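Structure first, then comments.
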Amino acid sequence: MPPLLRPLSPSPSPPPPKLLRRKQPLRVRSLHAVQPYDYEAQLQSHSHRSSSLKIAILGFGNFGQFLARTFVSQGHTILAYSRSDYSSLASNLSVAFYGDPHDLCEQHPEVVLLSTSIVSTERLLRSIPFQRLKRSTLFVDVLSVKEFPRDLLLKYLPPEFDILCTHPMFGPASGKHSWAGLCFVYDRVRIGDDEARVDRCDKFLGIFAKEGCRMVEVSCAEHDGYAAGTHTVGRLLEKFGLESSPINTKGYETLLDLMENTSGDSFELYYGLFLYNDNAMEQLKRMDMAFKSIQNELFGRLHQIYRKQLSGNAEVARDLDMMRYAVQELLSNGAPPHAEPPLDPDNAT
Ligand code: NAP
């Protein structure tokens, strides 16, 4: 009889399955299998140990490219995004260029650096797909004003992102050959306590320290107070037509440097500096007052001399009149016409 047709009969219960005992502890052979639990932590600890950073530059114009050159030379991985297509220029600099901010953010840079014009910063910030970035990302700005981007970053960034506001106080002209001794201003606006986050911020600052920059930590407000007038003075000198001469003094050379450094910057940059620094209008008024005060001082002094000359002439004229009168009296009385020689009014003081 085929087994299926056999009548059911109680059969002895089967022996319990033998437990396979492993001789060795469990080992995970596929990294993919553990990614959901371990991957970010591994990346984090790797970047913690490595000295290079993955930095995304948003705004790959004049200044963004200038920074990228040095970042690449120090071995950092640089990505860039800009509204214009800089792909071939970027590839010459060994920078990966992305025409879409979504694609760039999916590369999970550790640092996102804003190097757009001041006036376009808010628009750019609103277009960043923050959800595609890692939960902890450091945002850095290099705008030449500081309170304005600080407030924007605090307003738009998710609270778990770190914020470092900086101003390299040099550019493609002044930092062409070296950054040694040039001033780098920064304010750690919001850096998490976590060791890895502090370390990432220090690593970024280390790029500038390594180039020999003079590292100056001041608040954004202090920076804006100090920096408001520099570009205006540079542009004034340009309008004035300052020129080099064979007898330049050191002070004069400094003025020429200032003029050259600021005249290379776009007018949009200057306009942004003026519009978005609360102290700029105040500084412009003070410059106007300073100019008038010097004018007044000079003209006041000239006026005194002129009045003195006028009054001097009046005295002379009065003396001459009196002398003329005395001479005529003497002559008419028949006295000898000696007396004193007539005064030359031109030599009177
Ligand atoms: P800039 O004229 O201030 O900015 C040019 C950058 O802004 C370019 O990347 C440009 O993108 C981008 N941009 C302009 N309008 C835009 C818009 N409507 N939407 C999106 N992006 C826009 O010149 P910069 O010299 O490169 O300066 C960049 C930043 O660095 C500024 O914030 C400046 O204050 C700061 N900075 C400059 C210097 C310096 O010496 N130059 C020094 C320190 C700090 P596209 O090129 O793609 O059009």
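Some values worked out for this structure:
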read-out: Residue among Ser115, Ser127, Ser94 that is within 23 Å of Lys203 (Cα to Cα), touching a helix residue (DSSP H, G or I) at 6+ places or on another chain (Cβ under 8 Å) and within 11 Å of the ligand (Cβ to nearest atom); value: Ser115
read-out: Test: residue in region 73-80 that is within 16 Å of the ligand (Cβ to nearest atom), buried (at least 16 other Cβ atoms within 10 Å of the Cβ) and within 28 Å of Glu195 (Cβ to Cβ); value: yes
read-out: Residue that is farthest from the ligand (Cβ to nearest atom), among those in region 99-108 that are under 20 Å from Leu53 (Cβ atoms) and surrounded by fewer than 22 Cβ atoms within 10 Å (Cβ to Cβ); value: His108
read-out: Residues satisfying the stated conditions in region 250-280, i.e. of a type outside the set (S, T, N, Q), exposed (fewer than 13 other Cβ atoms within 10 Å of the Cβ) and away from the ligand (no atom under 16 Å from the Cβ); value: Lys250, Gly251, Glu253
read-out: Single residue of Ser51, Ser73 found to be modelled with pLDDT of 95 or more and among the hydroxyl-bearing types (Ser, Thr, Tyr); value: Ser73
read-out: Residue match in region 219-230 (condition: in contact with a Cys (Cβ under 6 Å, 6 or more places away or on another chain) and at negative phi); value: yes
read-out: Yes/no for Leu89 being surrounded by fewer than 17 Cβ atoms within 10 Å (Cβ to Cβ) and within 16 Å of the ligand (Cβ to nearest atom); value: yes
read-out: Residues that are within 16 Å of the ligand (Cβ to nearest atom) and assigned to a helix (DSSP H, G or I), drawn from region 48-72; value: Asn62, Phe63, Gly64, Gln65, Phe66, Leu67, Ala68, Arg69, Thr70, Phe71
read-out: Among residues of region 204-232, those that are of a type in the set (A, V, I, L, M, F, W, C) and at pLDDT below 90, counted; value: 2
read-out: Any chance Ser127 is of a type in the set (Ser, Thr, Tyr) and either in contact with a strand residue (DSSP E or B) (Cβ under 7 Å, 6 or more places away or on another chain) or crowded, with 16+ Cβ neighbours inside 10 Å (or both); value: no
read-out: Candidate set from region 153-183 (those that are more than 28 Å from Leu133 (Cβ to Cβ) and hydroxyl-bearing (Ser, Thr, Tyr)); member that is surrounded by the fewest Cβ atoms within 10 Å (Cβ to Cβ); value: Ser178
read-out: The listed residue being among the small types (Gly, Ala, Ser) and in contact with a helix residue (DSSP H, G or I) (Cβ under 9 Å, 6 or more places away or on another chain), out of Ser263, Ser293; value: Ser263
read-out: Pair list, Cβ under 7 Å, 6 or more apart: region 239-266 residue more than 30 Å from Ser115 (Cβ to Cβ), other residue more than 16 Å from the ligand (Cβ to nearest atom); value: Ser244/Leu256
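The values are calculated or read from the model by the stated rules, or taken from the named source; none is laboratory data. What you see is a predicted model; the values in this text were computed from it and never measured. Cβ coordinates were reconstructed from backbone atoms using ideal geometry, including for glycine residues, and neighbour counts include every protein chain displayed.
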